[in-house]
Amino acid sequence: MKKKNFFPFFLLLSFVFVVSCRQAKQEGIKEELFHTPPVHSRVHTWWHWMNGNITKEGITRDLESMKRQGISEATILNIGLISYKDSSINHVVFNTPEWYHMFCWALQEASRLGITIGVHNSDGWSSSGGPWITPEKSMKQYVWSKTVVEGGKVIKQKLATPYAEQNFYTDVAVVAFPSRSPLNSFVKQLPRVKLNDSLVGNLLYDGCPVSGVKVKRKDEINIHLAETYPVFTLVIHPRKVFMWDDISKFKSQYTLLISDDGKKYRPVKTFELQGLNASFAVPLPAVKASYYRLRVDDYSSINEWISFMIAEVELLGSGETPLYNAYPFHLEKTSQAKASLSKFPAIPDSIHQGVIFSKDIRDITSCMNKEGELTWEAPQGYWTIIRFGYTTTSARNAPATKEGEGLECDKMDSSAIAFHFRNFPAKLVQAAGEYTGNTFKFLLIDSWECGFQNWTASFEQQFLTRRSYALRSWIPALCGEIVDNPGKTDAFLHDYRTTIADLIEENYYRKFRDLCHAHRLEMHAEIIYGGTQYPPLDVMKANQLADMPMFEFWAGHNHQKVVPESNPRLFIEHGFPQYAATAYGLKVTGAEAYTAMAHLSESPWELKPFGDKAYCSGINQFILHSYVHQPNSHVLMTLGPFSSLFNRNNPYWNHLQGWLAYHARIQYVLQKGVRTAPLLHFIGDQLPQTLDDKTFYPVPVNYTFNLCNHDVLCNRLRVDKGKLVTHEGSRYELLTLPDEESMELSTLNRLSELVLQGAVIYGPEPSRTLSLANKEENDRKLKTLARKMWGKIDGKNVFENSYGKGKVIWGKPLATVLSEQHIVPDFSTAGNDSIPFLFIKKQLDGEDVFFVVNQQNQSLSRECIFKTEYKKVKILYPENGKSGELLLYRTGNGTVRLPYSFAPYEAVFFVFSDNNEPVHYSSLKTAEKILFPSTGNIDDVIPLIMSINHQEIVMGNEEGEYVLETTDQKICHKKIPAVRRIPVVPVNGKITFYPYGQGSINEITFNAFGSLTENQDPSVKYFSGEMLYAFDFIVDTSLFQKNDSLFLSLGKTGCVADVVLNGKSIGNVWTPYSLLPVKGILNTHNTLQVTVANEFRNRIIGDLLQYGKVQHVQLVYRVEDFLKKDTPLKPSGLPGPVEIVCLRKGE
């Protein structure tokens, strides 16, 4: 293959595009709408209003620029991420009459332009809160304090008040249970503890790691013991409630020192800990002193903006245990800390020490008065007393302006979300007036970034109602104790997490949705994504509440080159919102698109692979992240250091219409039909739900899954001819179960029904239920039914069991099962690709649609295999809206095989229709070899043979003679002439510069093409902005024949370009392979005007080199954190080569 001669076929089609005369079906793809997509298919954007820097003029210009580029919807998010205030702008305070005036102005202008508007439901992007939320209405967490007493007498004692945030605490209960030993020596004497010089009371030894002290490097925890004793162990509990990165990788270093007089200290031990949210026992040489000092020497800089805490510190004598001595993953399992694991392991059955029995737990709540004074006649022995209540989490909506910031509302209390709605969203509705429900279309809940919530005022009653047993006797389990046995404790914790999930789903997401609908608005939402870093939730079920469920994807970057760099994937990126939309029949799934770090270096071409991969994951509506409101034209307002740069002050924004049209065409197609896959995976009954590559069993590449939860399994699936079928018509050949021992009885009952009706399932035999309610009876029923279904399967000798009309399979690799069951992927290639093509398949009425993506930045010729019963093939090119009917392919065994040469990073649609197979070509060869059908990967560029409006077209990149055979055994010979390339030599060339923030730059002349970065003038070398190339050139038109197709190739452009030839616009360029049709426009004497725009990157690097600081671009953040003096420049201008390309049709 001669790569230098490769032209993407969709570019070669430019001269033959004809809209089909056939009327497409109502739900099918209309080619005229694919070419020019309707408004509802166009790209949306987030529109961040930054820290009160808002102007009416800026609003109008923003919206007009969105309209020009094809943006159809914008979401206003008022943000306080930056502290910048422009002195020339009258600062507009959030939630004031002036702010609502700006909002109404935006609606008025959007209505004029035909753009719809949404608004985030609070200041900031997470999540739902504001200054009107009091601690009583805020997100809550339970807290406790522990006391050990000796019984056999009346105990009169004031119980320590549990930790309180915002001076807010409410008691729930006081319980007591037998203790194995008295208080340890440390807690017993109530040591005097200071953080540096400030007393901290008993926060570090209250038996509750929710409390603690925030520490910095070199901080010291000073402890004074009234009575000395030999110390053999230091117990320390380092804590971060949440981190975006892996908690298990967090390291912290300490030194323990001792003193006899509190003045002169000597070191005892220096040590390092790895991990968080667990108690570490550090062995010590036997020491005895009155004063101890624990110095925080250092800790990992990971997510440094999130506070690092020390939650518990105790100095223990020989054989003593700490007051907080919990089962593994206690905080994680009770939704108080992020876990480093994707799922929770069971509490080991081997843990017997410290088990307490539910029958021995005493509810002594009535024995404590309002002042916390306990009067209780305690039985003989030692007793542990837990004072249990709740406080606020202190989570705040963020990043908000200071006027809009406040506590997050209680996500488990519908009255709290209703109160929040009245204090901001309802005011938007009132201000919008007649625009509500049309121009003002929706309210947004952005991603959950407000931490954990594990309590609400009505939790106890809600738990009793939903789980059918009382929570109070299980309070010790919430505080880290094993009650009865590890299995029962885990079962209770599952019920506890399920209650959290129910309350968040119903009282936050469902309530907010209902409030939106009552006000004629939609709810768009990035609902909790799942995983152990979020509160538990049935994520799929909650996502179906949104009118548009949403996900997000990032454009990662190469830290050395500081450019977006897409790494190929073996499988698509999994997201609950996409799977939920498929399972619940929702047509549109949105995504916060191209989120990134603001390095001001990204181009549309570099972003393209990230977007194409997102489409393959099930996303079909992009919301750009982000168009930040530009109040004027002299300051580049950004989302601080975040987001790609999509706004009118970006030099290349006004040239993005081609890139945005590309997205609109893809979205037009992918918003239709039903997403399908051969495999359906049940996510399981456990909570939290986690979704990543490890969720699914290993399978060969190209096999795809869809996902179902308990609700879909029970209510939205049926069996037809051995296949699982959804309400929408998706058909699945195999249902896979999670690799878990646990399953709810109702789930197994439903699986039994489906298998009896003919379904085939793959997964392990369950052995226990998850819920504590009726656990013994349900476990027995589950085991009995499971034994019937799995039969004699042992995974060694027996791997299958027939059950009714279906069967159960387990014990052999899934890849083997797929082969034995004759289940083939929806799409594959004939050869072995180490980097596979990504794809998504949609079923429409009478059509199968495949969107196929080449993940590599190189041309690839492949024989593609599509699973479809249809016999005709159409190809749709989203980059220019062209289409045609393919004529070279083979059918058989429920598949269509066809050859295709993919351009670098190309993404294309293949559309299959019609059960009647027309006559077409079925083989292709040259004199030397057979090209199609092949036995592996194809090394040659395959000619494209297609029909446009019943006219056969043969196109190729290489000269050659080919022999084709039709399905009715006719032999045809085709000859493809060489592609001619005629260099364009510029005459009278001039470059006019339109800089951003750089003053004026003199026009320069040129007589050859090249990157401006080679120019010696710094103002040109480092130029960022728009450049107008204007020049004449001469072409010998006698070289061309009547039927030749003529194109202009610009070679590589700096970023994007708009091209005018002889006074006529001929196209917009955003890819490095540009072929613009010029037939009928090209003359002997020609004038070409090319407006090229590039990124800010080069100018910023130039500033750092010339002045040591950013000077020509006024920014609101430190771009120097990304771009350095030695960061390489990107080619800019018109490097070329510029050529006329002559393509002569094959014969």
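Read the figures in this text as sums done on the coordinates, not as results from a lab. This one's a predicted model, so the numbers in the text were calculated from it and none came from an experiment. Counting neighbours? That spans all protein chains shown, and the Cβs are built from the backbone with ideal geometry, glycine included.
Structural remarks
- In order along region 441-454, the Karplus-derived 3J(HN,Hα) couplings, from 6.51 cos²θ - 1.76 cosθ + 1.60 at θ = phi - 60°, round to 9, 7, 10, 10, 10, 7, 4, 6, 10, 10, x, 9, 10, 9 Hz, and Gly and Pro are given as x.
- Calculated [θ] (222 nm, deg cm²/dmol) that DSSP helices of n ≥ 4 give over the chain, each run adding -39,500 (n - 2.57): -5000 deg cm²/dmol
- Taking the chain and dividing mean pair separation by its residue count, relative contact order in percent (alpha carbons under 8 Å, at least six apart): 12 percent
- The GluC sites (Glu not before Pro) of region 988-1054 meeting both criteria, a DSSP state outside H, G, I, E and B (loop) and at most 11 other C-beta atoms within 10 angstrom of the site's C-beta, are Glu1003.
- Fraction of beta bridges assigned by DSSP in the chain that are antiparallel (%, nearest 5): 80 percent
- For region 184-322, a Kirkwood radius taken over Cα pairs fed into Stokes-Einstein (10 °C, viscosity 1.306 mPa s) yields D = 105 µm²/s.
- Using the Cβ-Cβ distance between Lys158 and Ser767 with R0 set to 45 Å, the FRET efficiency works out to roughly 0.40.
- Take the Cβ atoms of Phe357 and Asp693, set R0 to 41 Å, and the FRET efficiency comes out at 0.45.
- Per-residue extension of 0.36 nm, minus the Cα-Cα distance of Leu33 and Lys925, leaves a gain of 317.5 nm for this segment.
- Compactness of region 259-384 was expressed as the Cα radius of gyration divided by 2.2 N^0.38 Å, which yields 1.41.
- Inter-site label distance for Lys1109 and Lys263 at 7 Å from Cα along Cβ, in nm: 4.9 nm
- Looking at region 145-231, the GluC sites (Glu not before Pro) that sit in a DSSP loop and have at most 16 other Cβ atoms within 10 Å of their own Cβ are Glu227.
- Antiparallel content of DSSP bridges confined to region 675-820, in %, to 5: 45 percent
- When each full DSSP H helix of the chain is screened for a Cα extent of at least 30 Å along its own axis and an average Kyte-Doolittle hydropathy of at least 0.0, none passes.
- Estimated D of region 1030-1069 in µm² per second, where Rh is the Kirkwood radius over Cα pairs and Stokes-Einstein applies at 10 °C, 1.306 mPa s: 129 µm²/s
- Evaluating 6.51 cos²θ - 1.76 cosθ + 1.60 at θ = phi - 60° for every residue in region 1122-1131, the Karplus couplings come out as 10, 9, 10, 4, 9, 5, x, 6, 9, x Hz, glycine and proline recorded as x.
- Distance (nanometres) between label positions extended 7 Å along Cα→Cβ at His517 and Gln969: 6.3 nm
- Checking every one of the trypsin sites (Lys or Arg not before Pro) in region 94-190 against DSSP loop status and a limit of 15 other Cβ atoms within 10 Å picks out Arg180.
- Over 22 Å (Cα to Cα) - which of Lys140/Lys338; Lys402/Lys427; Lys370/Lys411 fall in this group: Lys370/Lys411
- Label-to-label distance, nm, for residues given as Ser458 and Asp739 (7 Å Cα→Cβ offset): 4.2 nm
- Relative to one another, the C-alpha centroids of region 82-122 and region 1095-1127 are positioned 30 Å apart.
- Full extension of the segment from Leu1129 to Thr784, taken as 0.36 nm per residue of separation minus the current Cα-Cα distance, would add 117.3 nm.
- Within the same chain, lysines fewer than 8 places from Lys288 are excluded, and of the rest, those with a Cα less than 23 Å from its Cα are Lys188, Lys194, Lys263, Lys264, Lys269.
- With a Förster radius of 45 Å applied to the C-beta separation of Asn167 and His559, the computed FRET efficiency comes to 0.55.
- For region 743-783 versus region 604-630, the inter-centroid distance based on Cα atoms is 41 Å.
- Straight Cα distances below 16 angstrom link Lys1109 to the lysines Lys1124, Lys1125, with same-chain residues fewer than 8 positions distant left out.
- For Val175, residues with placed amide H under 5 Å, excluding near neighbours: Ile364, Ile386, Phe388
- Each 10 Å bin from zero holds the following percent of Cα-Cα pairs in region 888-951: 15, 50, 32, 3.
- Residues in region 840-847 carry Karplus couplings, in order, of 9, 10, 10, 9, 10, 5, x, 9 Hz; the curve used is 6.51 cos²θ - 1.76 cosθ + 1.60 with θ = phi - 60°, and Gly or Pro positions show x.
- Computed lengthening from Ser301 to Lys990, 0.36 nm per intervening residue step minus Cα-Cα distance: 242.9 nm
- Distances between every pair of Cα atoms in region 1002-1147, grouped in 5 Å steps from 0 to the bin holding the largest one, split as 2, 9, 18, 18, 16, 12, 9, 7, 5, 3, 2, 1, 0 percent.
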